[in-house]
Amino acid sequence: MRNLALWLLKARELSIALLMVAYILVVGAINHDFIVGNSLSLLVKASVILIVLAIGQSFVLFTSNIDVSVGSIMGLSAAVCGVLLTDGHSLLVIVPIVILLGAGIGLLNGLGVTIYRIPSIIMTLGMLGVVRGSMLLYTKGMWIEDIPNYYKKLSSLKFIGITLPVWITIFLLVLATLLLKKTRAGQYFYAVGDNIEGARLVGIPVIKITVAGFILSGASASIAGLFFVMNIGFVPNQTGNGMELQVIAAAVLGGVSLSGGLGSIFGAAIGAIFFTTINNSLIFLKIPSYYNSAISGLLLLIIVVGDSKLQKYLRDKSLKQREIELMKLQTAQGGVEGATKD
């Protein structure tokens, strides 16, 4: 039984999925409307933006860094997308421009962290302010409305009963997972986060991998911005505010370690769905929406502390098991030597 519990703790994706199911059942028992009709499908659709953000954030966290500028990048990307749409530009022009914008900001973050040795929290916090201010200057503090209907209808376009944004998100999840699991470059992200000096000694391009993580994070934030305009149909001047806390909490909740070198993209996605579930359940539990920020912050603190304690427990447990195995091996070797002498 203890071995099963330990296995569940190590299989973070499975354990958090089971916890999410249990939470959904509890809320459903309190308010049956939460699990009837299309509530669950709407929940997945509502999770898309946070999942995409978590995908990019995970690459940064794998390298033992953090990116708190993703919310502002998403906001600026949404603003640029909205302005270009209202000006009548084609999606073939808009999508590459918006994604390159986010990737470019991510590149600046990565260069600041690697070349100028600025701690990632400081670099991306400064960038958050710069990008947020740039968005307000770009939009003159105004909301962007009158988004063309054809773009808003894309959010409800379905194939085999699944909407287009969800399909794109699934594609990004599979692509990111294949990159991490099936390519040498993907393994480098874990190696850099696990032991940066060791990675450097064996010839892994630490700077390039770290910069690539921030570029992917910025590009993911831009894709989230495109989804935001598609789903909401307008762009408020506070778009993306506070998303950085939510995406970090979602990734860590899904098993991505803040200390780097541990976790999976699918785990981060499950964490994002769970986090969205918690926020949406407040409506059905009749808890005022202005508690969201407090709950997000409290949940982040609990997750971080819990993650630290869990990793320490697993390390101690693993070390103890290795010591027991070593003692058994030494005992067996001693028995063999004694038998040989006889």
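Nothing in this text is a laboratory measurement; each read-out follows from the coordinates by a stated rule. The shown structure was predicted, so the numbers you read here are calculated from the model rather than taken from an experiment. Cβ atoms come from the backbone with ideal geometry, glycine included; neighbour counts cover every protein chain shown.
Brief remarks on what is shown
- Put the Cα centre of the stretch 124-140 next to the Cα centre of the stretch 250-269 and the gap is 28 Å.
- Screening the chain for whole DSSP H helices with an alpha carbon extent of at least 18 angstrom along the helix axis and a mean Kyte-Doolittle hydropathy of at least -1.0 yields 12-30, 39-62, 70-86, 91-114, 120-139, 164-182, 206-232, 265-284, 292-341.
- The simple spin-label model puts a point 7 Å past each Cα toward its Cβ; for ILE302 and PHE171 those points are separated by 3.7 nm.
- Within the stretch 58-90: backbone nitrogen closer than 11 Å to the ALA185 label point (7 Å, Cα to C-beta): none
- Residues ARG184, ARG132 arranged by fewest to most Cβ contacts within 10 Å: ARG184, ARG132
- Taking label positions 7 Å along the Cα-Cβ direction at both MET142 and LYS317, the computed distance is 5.8 nm, reported to one decimal.
- Anisotropy class of the stretch 47-177 from Cα gyration tensor, a/c 1.5 cut: oblate
- Cut-off 19 Å (backbone N to label point 7 Å along Cα→Cβ of ILE207), residues of the stretch 86-117: 104-117
- Spin-label zone in the stretch 185-212 - amide nitrogen under 20 Å from a point set 7 Å from the Cα of ILE115 along the C-beta vector: 205-212
- Taking GLU325, GLU197, GLU13 and counting other C-beta atoms within 10 Å, the order from fewest to most: GLU197, GLU325, GLU13
- For the chain: relative contact order, % (alpha-carbon pairs under 8 angstrom, 6 or more apart): 31
- The chain: calculated mean residue ellipticity at 222 nm from DSSP helix runs of at least 4, using -39500 (n - 2.57): -26000 deg cm²/dmol
- Cut-off of 10 Å, at most 16 other beta carbons, DSSP loop: longest stretch of the chain lacking such chymotrypsin sites (Phe, Trp or Tyr not before Pro): 1-115
- Charged side chains reduced to their Cβ positions (Lys and Arg at +1, Asp and Glu at -1) give the chain a dipole of some 400 debye around its Cα centre.
- Here's how it looks for ILE144: its modeled amide H is under 5 Å from those of VAL235, which are all 5 or more places away or on a different chain.
- From phi via Karplus (6.51, -1.76, 1.60), per-residue ³J(HN,Hα) for the stretch 148-157 in Hz, x at Gly/Pro: x, 4, 4, 6, 5, 6, 4, 5, 10, 5
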